[in-house]
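Colleague: One structure, as structure tokens, below. Some questions next.
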Amino acid sequence: MLNHFIANATGGGLLVAPNYPTVLGNILTQAIALGRIKDLNEADLIYQQRLKRPPVPPNPTTTWAPAHDMLCKIRGMSEAVPVSA
């Protein structure tokens, strides 16, 4: 739910990492040590190809526009970037 809030508030898509990146890294490291995977480059390819998660797309609404404008004012941005509806 937090990921959806962030995507909606920023108006941009959000890429989400796997739930257990440390476990996945350990498994890939052990596979390299056992010779099942050649090296870190191959492990990275496996990680990227097999463990993809779809991005969380924004679903902006006018509800976020006032909060976005306030954030822009606080940060001193001259113009607020509009959040499309």
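Colleague: Consider the candidate values [x] 13.0; [y] 13.5; [z] 15.6; state which one is Kirkwood radius over Cα pairs in Å computed from the structure displayed.
Modeller: [z]
Colleague: Now a separate question. Explain nothing, just compute: Karplus ³J(HN,Hα) = 6.51 cos²θ - 1.76 cosθ + 1.60, θ = phi - 60°, for every residue of the stretch 48-58 in order, whole Hz, x for Gly and Pro.
Modeller: 5, 7, 8, 10, 5, 10, x, x, 8, x, x
Colleague: To the nearest 10 degrees, how steeply does helix 64-74 sit against the main Cα axis of the chain, on a 0 to 90 scale?
Modeller: The two axes meet at around 90 degrees.
Colleague: If you plug each phi of the stretch 13-18 into the Karplus form 6.51 cos²θ - 1.76 cosθ + 1.60 with θ = phi - 60°, what whole-Hz ³J(HN,Hα) values come out, in order, with x for Gly and Pro?
Modeller: Using θ = phi - 60°, the values come out as x, 10, 8, 10, 7, x Hz.
Computed from the coordinates by the stated procedures, all read-outs in this text should not be read as laboratory data. Being a predicted model, the structure only gives us computed values, none of them experimental.
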